[in-house]
Amino acid sequence: MQMNLNVISIMPESPAIVINTGPLIALVAATKSLEILRQLYVRVIVPFEVCAEIIEGGADGFAVSEFHSAEWLEKVVAPVQISCFLRNAIDVGEASVIQTAIDKEIPSVCIDESAGRRLAKMHGLHLTGSLGIL
């Protein structure tokens with residue numbers, strides 16, 4: 001009887017995650033790139049509102065060049081319709097992450113801020129943050 005030992009996997013890839021501004025910036029600060037996300041996830045979705053927050057820093061803003069060069073990120077090109085509850089409870093970036101995850105039926109989000117994390121949990125989403133990614 002022969003066994004096939006050719007399959008080696010240290011960490012399984014997760015299918016998809018919706019990510020907020022803070023973790024994107026933190027990952028660039030820690031690793032000088034966003035490549036770790038591509039290694040961990042099949043899809044990394046960045047809501048329109050988060051894209052706007054990142055590029056608000058201008059061409060010379062921190063993490064802007066790394067964000068633009070990560071062409072594999074799924075950058076949403078239109079604003080999401082955020083529920084009144086989310087819009088009034090937390091920052092628009094975190095609200096758009098949670099709303100996008102709900103709308104696209106993506107079970108995982110990456111948010112660092114405690115208020116956003118609490119609301120993501122209330123909506124039944126799986127959470128990670130910058131440290132969880134690292």
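The values are calculated or read from the model by the stated rules, or taken from the named source; none is laboratory data. What you see is a predicted model; the values in this text were computed from it and never measured. Every residue, glycine among them, receives a Cβ derived from its backbone with ideal geometry; neighbour counts consider all protein chains shown. Heavy atoms of the whole protein, side chains included, go into the accessibility calculation; ligands, DNA and RNA do not. Shrake-Rupley method; radii C 1.70, N 1.55, O 1.52, S 1.80 Å.
Just a few scattered comments:
- The set of residues in region 44-63 being farther than 17 Å from Q99 by Cα and within 15 Å of the chain's Cα centre (by Cα) consists of I54, A63.
- Residue that is surrounded by the fewest Cβ atoms within 10 Å (Cβ to Cβ) [pool: residues in region 17-61 that are within 24 Å of S114 (Cα to Cα) and without any contact (Cβ under 8 Å) to a residue 24 or more places away in the chain]: E56
- Tabulated pairs, region 62-87, first under 20 Å from V42 (Cβ atoms) and part of a loop (DSSP other than H, G, I, E, B), second open to solvent by 70 Å² or more (accessible area, probe 1.4 Å) and of a type in the set (K, R), C-beta under 8 angstrom, 6+ apart or interchain: A70/R38; W72/R38
- Looking only at residues of region 88-100 that are closer than 22 Å to A63 by Cβ and assigned to a helix (DSSP H, G or I), we find that the one that is most open to solvent (accessible area, probe 1.4 Å) is V92.
- Boolean, G132 is modelled with pLDDT under 95 and either touching a strand residue (DSSP E or B) at 6+ places or on another chain (Cβ under 6 Å) or open to solvent by less than 50 Å² (accessible area, probe 1.4 Å) (or both): no
- Among the residues making up region 62-75, those that are in contact with a helix residue (DSSP H, G or I) (Cβ under 7 Å, 6 or more places away or on another chain) and open to solvent by less than 40 Å² (accessible area, probe 1.4 Å) are A63, V64, F67.
- Region 109-126 - residue that is in contact with a Gly (Cβ under 9 Å, 6 or more places away or on another chain) and outside any helix (DSSP H, G or I) and, of those, surrounded by the most Cβ atoms within 10 Å (Cβ to Cβ): I111
- Boolean, A70 is small (G, A, S) and in contact with a Lys or Arg (Cβ under 9 Å, 6 or more places away or on another chain): yes
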